[in-house]
Amino acid sequence: MDDNADATFTGELNNDAFGYSVSDAGDINKDGYSDIIIGAPYNDPGATNAGRTYIFFGSSSMNNIVDIVMSGDSDNSNLGSSVSSAGDFNGDGFSDYICGAFQDEAGGLAAGRTFLYMSSSPASEPGIVSVKDVPFDQGGSVAVKWMRSGYDIIGQSVVTGYLIEKSVPPGISGFSWQSVATIPATKNLSYTFTAATQSDSMTNNSGTVFFRITALTSNANQFYRSNIMPGYSVDNLSPSQPTGLMASISGSSVQLSWNSNTESDLHHYAIFRDGNEINISLTSSFEDENPSGESALSYSVAAVDIHGNYSPLSDSSNVSPFSQSTLTITAAIQGFYNAAANNMVLSDTVTLLIRSSASPYAVVDSARSILSAANLTATFNDVYLPAGNYYLTLKHRNSIETWSASTVNINGGNVVYNFTTSASQAFGNNLIQVDASPARFGIFSGDVNQDGTVDATDLSAIDNDAAGFNAGYVVTDLSGDSFVDGTDFAIADNNAANFVSMIRP
């Protein structure tokens, strides 16, 4: 004897307290080897803390696969809090066993119970105990386990072998059995055979196959058939890791490509950006259009088979397509501008849309800031974009959307654009002069409903608010004095008469 364990037994679930009680169980199956019984009084599958006991049959090479399980039948019974061999109570030559459930309430609050279990001679028929998928394979096979016939024991030679048969699910005429294999009887307590299945279990196909075992003898008319049990196989082997991932910049997109996997059951590739799955691809390439918000991006891909098994992630490929820029915009809002003071009466929020230089001029980024009344500037920090040329669009809550006259190069650092120096600073010269000295131009006020034009609908909204003496921070206040009155109506009316509308490429 040494200090190394020859067999180790482990509980099924968290907090089962497997091993709370342990005892010799005698020779329950009368195979000449002593068996053991282990209690887990806090096991839950039967009921909360109902408890379980586990019997492991001894053999010349002891394993840790449970052979008999007894479960408690009510909450907090704690079956298995104590276990022991009970000797041979019924005199049949087989050891019996006893176990306690000290909190069982059948007789009263925590009254407790003790259970005596009588062993019996092994059945002459073999008994299938499980049909399980073979783990870590490509599918297509199951492990069929059965307990031996009672005649397959030392001292008897009645059973000569076991016939394994399988069948597809029974139809109108019942099962259709097909011989799989015949293995010799070797007086093992249990047997396991790996059998092929017709198909794997998938969403549209259960893949179920049924098995039975026949214990054969030297007499063709004498045999013992087991119970019938179904099972199915699944592909639980993931595809191989994709290789050769490369990421590159193409305009405002990131192009990915990698080497194709060769698995026949490959379904698609999962695309990951910065550790998050963002999309799938059916081919070995992908375009990530207009990613934004980060100065550097890390990509990886995983291969996914038809059963949903993910491969390990590919090596990552990193790109830094975006430069950090700060945009400073100078602009004046027509209604807010005070020519006498050379400033605006009110600072207000404006939105800057940064658009692609090519039709349809998609918005690739946006930011909000305060347009200062004092110096007519708004600063937009932390803008991340691929280096390139972009249109700038300035939006205000009651003004005409105004575009830069042409594209502006953005390539990191500080970018400055001034809408006030000339009407030609806006696309289509879509600015109005608001000051003569110094000469300044502003964006048209009056687009109250933000439909891109100043017209009767805007005038109606202003007129209604003026009639209601509306005041405060409202979109119909074009002059910025916190009142809706004739001054606001006059600004919008003049612009409507001149058919002022948004002008864009």
Evaluate the distance, in nm, between pseudo-label points positioned 7 Å from the Cα of A86 and of A423 along their respective Cα→Cβ axes.
10.6 nm
Scalar couplings 3J(HN,Hα) for the stretch 41-48 by Karplus 6.51 cos²θ - 1.76 cosθ + 1.60 (θ = phi - 60°), nearest whole Hz, x for Gly and Pro, are x, 10, 5, 10, x, x, 5, 4
Rounded to a whole number, the Stokes-Einstein D of the stretch 123-173 in µm²/s (Kirkwood radius over Cα pairs; 4 °C; 1.567 mPa s) is 96 µm²/s
Residue separation times 0.36 nm, minus the C-alpha to C-alpha distance between S206 and S253: what's the value?
12.7 nm
Spatially close lysines, pair count over the chain: Cα under 26 Å, gap of eight or more or interchain:
8
Inter-label distance, nm, simple model (7 Å from Cα along the C-beta direction), T194/A106
4.4 nm
Please rank W403, W177, fewest neighbouring Cβ atoms within 10 Å first, as an exposure proxy.
W177, W403
What FRET efficiency, computed as 1/(1 + (r/R0)^6) with R0 = 60 Å and r the Cβ-Cβ distance, is obtained for N290 and W177, rounded to the nearest 0.05?
0.50
Gain in length, N276 to D481, computed as 0.36 nm per residue apart minus the alpha-carbon separation, to one decimal in nm?
68.9 nm
Given the -39500 (n - 2.57) contribution per DSSP H run of 4+ residues, what per-residue ellipticity at 222 nm results for the chain, rounded to the nearest 500 deg cm²/dmol?
-1500 deg cm²/dmol
Any chance you could give the angle, 0 to 90 degrees and rounded to 10, that helix 486-497 forms with the longest Cα principal axis of the chain?
90 degrees
By the mean-Cβ-within-10 Å protection proxy, highest first, 236-249, 16-29 rank as 16-29, 236-249
On C-alpha positions alone, give me the angle between the axis of helix 456-467 and the longest principal axis of the chain, in degrees, nearest 10.
80 degrees
At 0.36 nm per residue, minus the direct Cα-Cα distance, what do A341 and S34 gain on full extension? Give it in nm, one decimal, please.
100.1 nm
Could you calculate the FRET efficiency of N375 with A490 from 1/(1 + (r/R0)^6), where r is the beta carbon distance between them and R0 is 35 Å, rounded to 0.05?
0.80
What nm distance separates the two modelled labels at S437 and V22, each placed 7 Å from Cα along Cα→Cβ?
10.3 nm
Note to self: C-alpha centroids of the stretch 201-251 and the stretch 354-371 sit apart, in Å, by 54 Å
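Here, each number is a calculation from the coordinates, and none is a lab measurement. Predicted, not measured: the structure shown is a model, and the values here were computed from it. All Cβ positions, even for glycine, are placed from backbone atoms using ideal geometry, and neighbour counts span all protein chains on display.
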